[in-house]
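Structure first, then comments.
The values are calculated or read from the model by the stated rules, or taken from the named source; none is laboratory data. Since we're looking at a predicted model, the values are computed, not measured. Backbone-built Cβ (ideal geometry, glycine too); neighbour counts: all protein chains shown. What goes into the accessible areas is simple: the full protein's heavy atoms, side chains included, and nothing from ligands, DNA or RNA. Shrake-Rupley method; radii C 1.70, N 1.55, O 1.52, S 1.80 Å.
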Amino acid sequence: MPFLDVTDVLLDPDFMDLTLSVTRNAQTVGNDGIAVISPSTTGFYGVVTSLNGSVLNRVAEGEHISDTITIHTQFRLIDGQSGYDADVVNWQGLQWTVTNVNDYSTYGRGFVAATCTLKQLSG
């Protein structure tokens, strides 16, 4: 087990972002066989850093910008699991889909590092 505990840094009010919120969609199947989505939104805190920055992708069909961020948090974000879609994080007016979650609890009390991909540009 690593001896480095990053809790003091990740919980420092000067370092963390308090304006994060997440929308989690629960999925069930109704008696008619049609999926029913039940969204819930919760606020949480974490440290947000750029992963790859904005990248212009040019393909035959056109071009688009992709962007990724990493969020270190004690809130248990999910990248999809049975009965749930991947979480959608709202940060700085943009929506980010959680695409990967790593358990970093060995470096502090219950932290995860979530990779998030830009879902849409606000416009």
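Tabulated values for the structure
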item	result
Selection status of L18, part of a strand (DSSP E or B), modelled with pLDDT of 90 or more and exposed (fewer than 10 other Cβ atoms within 10 Å of the Cβ)	yes
Among residues of region 50-76, those that are of a type in the set (S, T, N, Q) and surrounded by 11 or more Cβ atoms within 10 Å (Cβ to Cβ), counted	6
Qualifying positions in region 78-96 - open to solvent by 40 Å² or more (accessible area, probe 1.4 Å) and within 9 Å of R24 (Cβ to Cβ)	Y84, D85
Matching residues in region 77-97 - criterion: being under 15 Å from V47 (Cα atoms) and in a strand (DSSP E or B)	V89, N90, W91, W96
All positions within region 59-76 that are assigned to a strand (DSSP E or B) and among the small types (G, A, S)	G62, S66
Every pair of residues 6+ apart whose Cβ atoms lie under 7 Å, when the first sits in region 74-89 and is within 25 Å of M16 (Cβ to Cβ) and among the acidic types (D, E) while the second is part of a loop (DSSP other than H, G, I, E, B) and modelled with pLDDT of 95 or more	D79/A86; D87/L77; D87/I78
Residue in region 107-115 that is open to solvent by 60 Å² or more (accessible area, probe 1.4 Å) and without any contact (Cβ under 8 Å) to a residue 60 or more places away in the chain present	no
Restricting region 21-49 to residues that are more than 15 Å from I69 (Cβ to Cβ) and touching an Asp or Glu at 6+ places or on another chain (Cβ under 6 Å), the residue that is surrounded by the most Cβ atoms within 10 Å (Cβ to Cβ)	R24
Single unsatisfied condition, N57 versus (1) in contact (Cβ under 8 Å) with a residue 24 or more places away in the chain; (2) polar (S, T, N, Q); (3) more than 23 Å from A113 (Cβ to Cβ)	(1)
I65 vs. criteria in contact with a Leu (Cβ under 6 Å, 6 or more places away or on another chain) and hydrophobic (A, V, I, L, M, F, W, C)	yes
Selection status of T28, touching a Cys at 6+ places or on another chain (Cβ under 7 Å), farther than 21 Å from D5 by Cβ and either assigned to a strand (DSSP E or B) or charged (D, E, K, R) (or both)	no
